[in-house]
Amino acid sequence: QCPICEVSQMYHLGRRGGLAHRAGLGVECEVWRCQQCGLIFPNPMPFPLGGLEQHYGVDPHEYFEHHLRDDKDLSASGLLSQAEELIQEKGKLLDIGAGRGELLRAARTAGWEVEGIEPSSRFAEVAAGYSGAKIRSEPVERCGFPTGSFDCVVLSAVLEHLYNPDESMREISRILRKGGVVFLDVPNENGLYFKVGNFYQKLRGRDWVVNTAPTFSPFHIFGFGPRSLRALLAKHGLEPLQWRIYPGRAMVPSRSGIAGKLETVAAHAVTALSRLDSLGTYIETWAIKV
């Protein structure tokens, strides 16, 4: 069943990973789309036998090699300014998926009371050292936070990695006070990049798709679009205050050969075109608990 709609009407998109990947990455999965809300996910669901450490038990600086710390510090300050403007105070903030701790460090410096969640023990160690904040290495559903105890919850590039986003959002709504806000950003898997990528695979006679990455880096389990993300928020009493769909950067890794160069050029062209309408590759939103 779709974890958002809880219905079984699914459309089979194709295969992803293993033999159904241009570099042979990961394990082959069957990818489906909910016909009601459009949520995309693998079924059967592939869980790592070694737990999340199998995916994220790597050096965090290696995992975030394309995320410069100075840039992350700057974006963290901007995010905190938006949060303070929305709730009109510096309250208690929870960062889910704390990564290397840039947001937590910036929030503590700015006068927020902070706490973080980071399931990777190696990431958590680095985040705690850099931010000085308390970091929990367990899912938010198991933390036992008091009801209404946070003013702001941040899931920056996190929701698509969770194995049960519905359960996680239910708990986030519970621990968020009324009038508190949550920040989310996810890939827009209904965007032009994914549409063109899937069409390209069909032109090559393949039943492959480019949606999600459940068994290889960056380990995106669920693929959201505007309709599915709004449905998930509404289900748990969260109403978007700000909503932005934007192109971001081209997502296709470069590879050698004529075909690889053509793919790279095409990816950059598609990214440029995705500025039109709501076809961008990413969605970000601030939502309020009503």
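Quick notes
- Only beta bridges with both residues in the chain are counted; by DSSP, about 60 percent of them are antiparallel.
- Computed packing ranks the peptides 232-240, 176-184 as 176-184, 232-240, most packed first, by mean other Cβ atoms within 10 Å.
- Pairs from the table (K90/K134; K90/K235; K72/K195) lying more than 25 angstrom apart at Cα are K90/K235; K72/K195.
- Within the range 1-151, DSSP assigns beta bridges of which about 60% are antiparallel (rounded to the nearest 5).
- Length-normalised contact order for the chain - Cα pairs under 8 Å, 6+ apart - percent: 19
- Unmatched cysteines, the chain - criterion: no other Cβ of a Cys under 4.7 angstrom: C29, C37, C143, C152
- Under 5 Å, built H, 5+ apart or other chain: amide partners of G180: K289
- As computed over the range 139-290, the Cα convex hull volume per residue (Å³): 112
- Of the GluC sites (Glu not before Pro) found in the range 11-118, the ones in coil according to DSSP and having at most 15 other Cβ atoms within 10 Å of their Cβ are E65, E89.
- Solvent-free Debye calculation, one equal scatterer per alpha-carbon of the range 126-195: log10 I(q)/I(0) at 0.17, 0.19, 0.27 Å⁻¹ equals -0.75, -0.89, -1.33.
- Solvent-accessible area, 1.4 Å probe, carbon plus sulfur percent, for the chain: 53
- Considering helices alone, the calculated mean residue ellipticity of the chain at 222 nm is -10000 deg cm²/dmol, with DSSP H runs of length four and up weighted by -39500 (n - 2.57) and normalised per residue.
- As an equivalent ellipsoid, the range 1-125 spans semi-axes of 34, 21, 13 angstrom, where each value is the square root of five times an eigenvalue of the C-alpha gyration tensor, largest first.
- Per residue accessible area of the chain, 1.4 Å probe, in Å²: 47
- Principal-axis tilt of helix 226-235 within the chain, Cα atoms, nearest 10 degrees: 40
The values are calculated or read from the model by the stated rules, or taken from the named source; none is laboratory data. Being a predicted model, the structure only gives us computed values, none of them experimental. Positions of Cβ are backbone-derived with ideal geometry, glycine not excepted, and every protein chain shown enters the neighbour counts. To get the accessible areas, we keep the full protein, side chains included, count just its heavy atoms, and leave off ligands, DNA and RNA. Shrake-Rupley method; radii C 1.70, N 1.55, O 1.52, S 1.80 Å.
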